[in-house]
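First the structure, in the form of structure tokens, and then the observations on it.
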Amino acid sequence: MSEQRRHPPKEDLARFIRADLESSRRNDVVGHLLKGCDACAAALSHKPSIREVVNYEKCMNRVEMACALFETNIETERQLGFQLWDLLDSKTAESRLLIVRNDRRFQIWGLFDHILGKIRPTSRKDPFGAVDLAHLAVTITQLLVEEDYGSERLHDFRGAAYNLLGFAMRNAGDFVGAKSAFEGARTELQQGTGDPIEAAMLAVHSGSLLFDLGEFAGALRLLNDAIRLFRRAGDSHGMGLTFVKQAMILAHTATPEKGLLLAEKGLSLLDLGGQPRGELAAHDARAWCYNALGDHEEALRIVSTHEYLYKYFDDEPAIQGKHEWLLGRIQAGRRELGKSLRHLNTAYQVFLGAFLYFDAVLVDLNRIEVLLYLRQGAEAMSIANRLAPLLEAWGLGNETLRLWAMMTTSIAAGEFLVKQHSHSFESHLRKHWIPRPTGADFASRASRRSVQSS
């Protein structure tokens with residue numbers, strides 16, 4: 001019988017409620033409940049009838065005290081996690097891993113929870129730093145003890161860690177690693193508690209990866225799954241954000257008008273009070289959709305009207321780069337080619353400076369197009385030639401490098417615009433982007449680990 005299923009005696013639960021259980025056995029009850037035993041939690045929270053209890057108010061006070069004790073234990077571990085992070089914060093990623101693996105004090109849920117909360121904000125400014133944090137979170141979950149947290153919740157922790165590792169890797173451009181991490185998350189969550197929010201977030205992140213890879217139909221299907229899970233969990237804000245993600249995908253398809261409807265639907269579900277990020281994403285999606293439909297003036301109006309939202313994120317290169325990129329696309333549609341080029345040049349520099357190479361290359365394709373429309377073929381050739389060695393250094397394969405060389409030749413021959421090479425190369429790039437092939441095959445690692453431990 002697993003540790004989680006060894007329920008405390010009913011007498012201990014009854015004495016726990018009466019607050020007359022000795023300290024050591026009281027700690028055993030608290031530890032058991034923290035593992036997620038729903039049966040004992042339900043028994044503990046059962047409100048006896050007034051006829052059964054002489055002093056009903058006193059009994060309820062004891063139940064409230066018991067609940068406060070659970071919360072105190074969780075909060076205590078959170079505080080400990082915060083303090084332990086202070087000891088790790090100034091260390092290198094390698095030193096952090098070494099400390100965590102060799103010091104039992106750092107192998108607790110509180111530290112894992114604290115690190116998990118840092119991954120998403122870190123990814124917005126330092127994508128590779130976020131990958132390091134996510135690796136650390138995964139490592140901690142592999143060291144947590146089942147007896148302390150329960151088997152199912154331990155799988156939930158590992159699933160959440162792998163999910164955010166995939167999220168961070170995708171943001172850093174490591175699509176191979178992200179795919180493998182998401183597979184690891186899916187395997188762990190299947191053995192967990194069945195939390196619909198965790199499953200929904202995995203579907204959202206996996207769908208975003210498929211969008212990057214150009215698998216638009218698959219991305220939309222996964223996001224539909226996420227919406228159903230958010231609805232089941234009663235999370236309207238999560239539903240709204242997911243509709244917005246679908247709208248952005250549809251802006252890159254033949255049916256951007258459907259994206260407009262979803263962006264509006266998403267906006268109606270968002271908690272706009274303290275969530276400028278979600279509101280900005282929704283208006284961005286609307287602008288991309290209008291621009292794809294050829295209504296460049298409406299797209300520009302939307303961006304101009306909501307400039308104040310971008311100011312919340314002045315220090316986030318991904319958002320500022322995509323802002324400039326969107327304006328460059330809009331101005332190109334308006335045939336304001338000089339303005340378009342200035343915006344695209346800025347976007348390229350922002351992305352390059354933040355190591356967001358995938359976005360930088362996509363922007364470069366737009367820069368080449370605009371330069372050719374401006375009849376500045378020599379500068380377009382210069383951009384293509386300067387990028388070729390970078391693509392090789394970033395780890396792109398021979399097929400991609402050959403295609404880039406053919407594309408460069410088409411610029412010189414005056415065929416780049418006619419043959420719409422920017423669209424075909426973007427499609428190829430989405431399917432073959434491997435600029436940082438450090439992505440681990442986590443499924444294979446887990447398999448090897450189980451074989452070694454058996």
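Is there a residue in the range 314-322 that is touching a Ser or Thr at 6+ places or on another chain (Cβ under 6 Å) and within 19 Å of Ala360 (Cα to Cα)? No - not one qualifying residue is present in the range 314-322.
Quick check: anything in the range 134-150 of a type in the set (S, T, N, Q), surrounded by fewer than 20 Cβ atoms within 10 Å (Cβ to Cβ) and over 22 Å from Trp394 (Cα atoms)? There is at least one residue in the range 134-150 that is of a type in the set (S, T, N, Q), surrounded by fewer than 20 Cβ atoms within 10 Å (Cβ to Cβ) and over 22 Å from Trp394 (Cα atoms).
So for the range 405-422 (the condition being of a type in the set (Asp, Glu) and more than 15 Å from Leu341 (Cα to Cα)), does at least one residue qualify? Checking the range 405-422: at least one residue is of a type in the set (Asp, Glu) and more than 15 Å from Leu341 (Cα to Cα). Exactly one residue among Phe425, Phe355 is under 22 Å from Ala172 (Cα atoms), among the hydrophobic types (A, V, I, L, M, F, W, C), modelled with pLDDT under 95 and not in a loop (DSSP other than H, G, I, E, B), and that residue is Phe425.
For Gly166, are the conditions met, namely being over 13 Å from the mean Cα position of the chain (by Cα), assigned to a helix (DSSP H, G or I) and crowded, with 24+ Cβ neighbours inside 10 Å? Here the answer is no, as Gly166 does not meet what is asked. Elements of the type helices (runs of 4 or more DSSP H) sitting completely within the range 249-345 and holding at least 1 residues that are small (Gly, Ala, Ser): these cover 256-269, 276-293, 296-305, 317-333. Picking from residues in the range 342-391 that are within 28 Å of the chain's Cα centre (by Cα) and acidic (Asp, Glu), the one that is farthest from Val418 (Cα to Cα) is Asp359.
Evaluate the following for Gly173: is it within 17 Å of the chain's Cα centre (by Cα), in contact (Cβ under 8 Å) with a residue 24 or more places away in the chain and not in a helix (DSSP H, G or I)? Yes, satisfied. Tallying residues that are farther than 23 Å from Gly214 by Cβ and assigned to a helix (DSSP H, G or I) within the range 412-422 yields 1. Can you name the residue in the range 204-221 that is under 18 Å from Pro256 (Cα atoms) and not in a helix (DSSP H, G or I) and is also modelled with the lowest pLDDT among such residues? Once the filter is applied, the top-ranked residue is Gly214.
The values are calculated or read from the model by the stated rules, or taken from the named source; none is laboratory data. Since the structure is predicted, the reported quantities are computational estimates derived from the model, not experimental observations. Here Cβ is always computed from backbone atoms with ideal geometry, including for glycine, and neighbour counts include all displayed protein chains.
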